[in-house]
Structure formats: C-alpha cells, structure tokens
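J.: Below are the structure tokens for one structure; questions will follow.
The values are calculated or read from the model by the stated rules, or taken from the named source; none is laboratory data. On a predicted model such as this, the values are computed, not experimentally measured, just so you know. Reconstructed Cβ throughout: ideal geometry from the backbone, glycine too, with neighbour counts over all protein chains shown. Keep in mind that these areas ignore ligands, DNA and RNA; they rest on the heavy atoms of the full protein, side chains included. Shrake-Rupley method; radii C 1.70, N 1.55, O 1.52, S 1.80 Å.
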Amino acid sequence: KPARATIDVPIFDEGATARVDRKGQHAVSHYEVLEELSGARARAALVRVTIETGRHNQVRLHLAHVGYPLIGDDKYGRRPRVPLARRALLHAEHLALAHPAGGRRLDVRAPLADDFSALLAQFRGRR
C-alpha cells in the first residue's frame, strides 16, 4: 500500500449503515501513513486522514476499502484482535469548520484518548 494516497470512491448511505458503491455519492479522502506499528499479535499503522467530503462513515469505509480497517471497528473492519481495543480507534485530532451562527472559522484540537494512547504505547513496545 502506498504511504500516501487519495481515495476517491462513492459512498452509498443506507441509513443505519453505508457502503462503497458506484451508485453512491462522491466521496474523497486523503490518507498518509505516519507510522507502521507491529505488536505481539497484530500489525497496524497510525494513519492521518483529511476528508474533502463528509459522507456517512466516510473515514471508516474508505480506510477499510484500501486495506487499513480501523482497529476495533466491527462494522466495517475486522473483529478486534487487540485486547485494549474496545471501540473503533478513530480520533479527530483537528477539526476546522465555519460556526453555524455567523460563519466564524472554528479550529478545534484534541489530544488522544487514554485508551488510544495506551494501545499506541503497546504497539511501540512501551507499557
């Protein structure tokens, strides 16, 4: 898999779920592999994704489509094989958007959640 690429495949929203389908709406995501990781029983990658569109479950679908399913994503990925992954490990590091009342630009940043940080440490060999 390339370390950086654009995923330009349509997403068909079915309400409670969504799928990659040529009948769906245009959806574009750009990803970059920041770090390849490997643990005792699993391989993973820390990936940064920037989206151009905002489709239902777009990041989860697009990453699974190109072979980078989210750890812990039992809907679109593989069953979790990592004990610390009790949820889909998806993190919004930075959001930039126009405020709905007035349009002022908002930039919001958030640190990794404790469970996500612990999993990264486990993969990196630090406990």
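J.: Being open to solvent by 70 Å² or more (accessible area, probe 1.4 Å) and touching a strand residue (DSSP E or B) at 6+ places or on another chain (Cβ under 6 Å): is that true of R43 here?
T.: Working: open to solvent by 70 Å² or more (accessible area, probe 1.4 Å): yes; touching a strand residue (DSSP E or B) at 6+ places or on another chain (Cβ under 6 Å): no.
Taking the combined requirement at face value, the residue does not satisfy it.
One line per residue, one yes/no per condition, for (1) surrounded by fewer than 17 Cβ atoms within 10 Å (Cβ to Cβ); (2) farther than 13 Å from R4 by Cβ:
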site	(1), (2)
A18	no, yes
R22	yes, yes
S29	no, no
L34	yes, no
R48	yes, no
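J.: One residue is enough: does region 118-126 have a residue meeting the conditions open to solvent by 80 Å² or more (accessible area, probe 1.4 Å), modelled with pLDDT of 95 or more and touching a strand residue (DSSP E or B) at 6+ places or on another chain (Cβ under 8 Å)?
T.: Taking region 118-126 as the starting set, the residues that turn out to be open to solvent by 80 Å² or more (accessible area, probe 1.4 Å) are 124, 126.
Restricting the remaining residues to those that are modelled with pLDDT of 95 or more gives none.
Looking through region 118-126, none of the residues is open to solvent by 80 Å² or more (accessible area, probe 1.4 Å), modelled with pLDDT of 95 or more and touching a strand residue (DSSP E or B) at 6+ places or on another chain (Cβ under 8 Å).
J.: Would you mind listing the strands (runs of 3 or more DSSP E) fully within region 5-49 where at least 3 residues are under 18 Å from the mean Cα position of the chain (by Cα) and not charged (D, E, K, R)? First the steps, then the outcome.
T.: On the way: elements: 11-13, 18-20, 28-38.
Qualifying strands (runs of 3 or more DSSP E): 28-38.
J.: Next up: Go through (1) surrounded by 13 or more Cβ atoms within 10 Å (Cβ to Cβ); (2) in contact with a Lys or Arg (Cβ under 7 Å, 6 or more places away or on another chain); (3) within 20 Å of A88 (Cβ to Cβ) one by one and return the number of the condition N57 breaks.
T.: So N57 meets the others, but not (2).
J.: Looking at region 53-71 only, could you name the residues that are of a type in the set (A, V, I, L, M, F, W, C) and free of Cβ contacts under 8 Å to residues at least 60 places away in the same chain? It would help to see each step written out before you state the result.
T.: Step one: list which residues in region 53-71 are of a type in the set (A, V, I, L, M, F, W, C), which gives 59, 61, 63-64, 66, 70-71.
Hits for region 53-71 are V59, L61, L63, A64, L70, I71.
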